[in-house]
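Worksheet: one structure, shown below.
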Amino acid sequence: MATFEIRKFQDGDAEAVKEIFALGMGELVPSSFSHILKQPLTQMVLMCTFCALLTSSKSFLLPILALTLLLASVRQVLTYVINRATESAMRSDLSDITESYLTQKDSCFWVAESDGRVVGSVACVPSENTPECLELKRMSVHPSHRGMGIAKALCRTVAEFTQDRGYAAVHLHTSMVATNAQKLYEHYGFEKIKEAVAPGFLAKITNFTLIEYKLHLKRS
């Protein structure tokens, strides 16, 4: 079984970190698409479109082709939105990880390394809205190295860092479609404290929800 170690980020890790982050973001496309298909509004639109085209054309082929095109368009829009979010992260904090995380007070960025290869990452920064907390960010593990306990070790690293600096808790935000991440956080002991529909028109009509978790720590 492959072993790994958690260490602080070094400048040479940047490209690997970005690659792993982009892979994780890309995985949100199929899960988000599945979520949209399950929404009553989506199902109603698809059914009404199918019935209207079937009635007007009196052929099954046209409505089937139209729905296929419509669903393909929805997936393309999702891909575009998620790619834009990925690019935004690449241009902001991930453009200079050392400056964003390693030079700021009570902030840090770690990577998981296995056989000389960076296979995971996580960061934390002081929370903007809850001064007693540090916020866990940029948690990613390469698909080839999941199930090895890397994500749990990264969570533990953030928790220990937070506790050593005298903060009361770690908190984070994730989305409702990131089900594996939710299972990880809840298994580690994070409590779900808030759910809210994400901002934006598309999020509202698809009921795309963001979830806030918090891990309470014992005072050292």
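Residue count for segment 133-187 satisfying the condition of being in contact with a helix residue (DSSP H, G or I) (Cβ under 9 Å, 6 or more places away or on another chain) and at positive phi: 1. Every listed requirement among (1) of a type in the set (Lys, Arg); (2) under 17 Å from the mean Cα position of the chain (by Cα); (3) within 24 Å of ARG7 (Cα to Cα) is met by ARG165 save one, (2). You will find that of ALA66, ALA85, ALA52, the residue that is out of contact with any Pro (no Cβ under 7 Å at 6 or more places or on another chain) and within 17 Å of ALA198 (Cβ to Cβ) is ALA85 and no other.
Take the conditions (1) loosely packed, with under 14 Cβ neighbours inside 10 Å; (2) at pLDDT 95 or above; ASP115 misses just one of them, which is (2).
What residue, of LEU154, LEU78, is within 17 Å of the chain's Cα centre (by Cα), under 30 Å from PHE33 (Cα atoms), surrounded by 13 or more Cβ atoms within 10 Å (Cβ to Cβ) and touching a residue at least 60 places away in the same chain (Cβ under 8 Å)? Matching residue, one of LEU154, LEU78: LEU154.
Please verify whether segment 179-186 includes one or more residues that are closer than 16 Å to CYS133 by Cα and either among the hydrophobic types (A, V, I, L, M, F, W, C) or open to solvent by 20 Å² or more (accessible area, probe 1.4 Å) (or both). Scanning segment 179-186, I find no residue that is closer than 16 Å to CYS133 by Cα and either among the hydrophobic types (A, V, I, L, M, F, W, C) or open to solvent by 20 Å² or more (accessible area, probe 1.4 Å) (or both), so the answer is no. Residues of segment 10-28 include none that is over 30 Å from GLN104 (Cβ atoms), β-branched (Val, Ile, Thr), under 20 Å from the mean Cα position of the chain (by Cα) and surrounded by 13 or more Cβ atoms within 10 Å (Cβ to Cβ). Remark: pairs (first residue in segment 87-103, exposed (fewer than 14 other Cβ atoms within 10 Å of the Cβ); second residue polar (S, T, N, Q); Cβ separation under 7 Å; 6+ apart in sequence or on different chains) are absent. On the given criteria, is LEU61 among the hydrophobic types (A, V, I, L, M, F, W, C), in contact with a Pro (Cβ under 9 Å, 6 or more places away or on another chain) and either farther than 28 Å from PHE161 by Cβ or modelled with pLDDT of 90 or more (or both)? Here the answer is no, as LEU61 does not meet what is asked. When restricted to residues that are among the charged types (D, E, K, R) and loosely packed, with under 14 Cβ neighbours inside 10 Å, segment 56-75 contains 1. Within segment 200-218, the set of residues being under 17 Å from the mean Cα position of the chain (by Cα), open to solvent by 40 Å² or more (accessible area, probe 1.4 Å) and charged (D, E, K, R) is empty.
Filtering SER31, SER56 for residues that are over 30 Å from HIS145 (Cβ atoms) and hydroxyl-bearing (Ser, Thr, Tyr) leaves a single hit, SER56. Scanning segment 189-220 for residues that are out of contact with any Gly (no Cβ under 9 Å at 6 or more places or on another chain), outside any strand (DSSP E or B) and hydrophobic (A, V, I, L, M, F, W, C) returns PHE190, ALA198, PHE201, LEU202, ALA203, ILE205, LEU217.
The values are calculated or read from the model by the stated rules, or taken from the named source; none is laboratory data. As the structure is a prediction and not an experimental result, all values here were calculated from the model. Here Cβ is always computed from backbone atoms with ideal geometry, including for glycine, and neighbour counts include all displayed protein chains. In case anyone asks, the SASA skips ligands and DNA or RNA and just uses the protein heavy atoms, side chains included. Shrake-Rupley method; radii C 1.70, N 1.55, O 1.52, S 1.80 Å.
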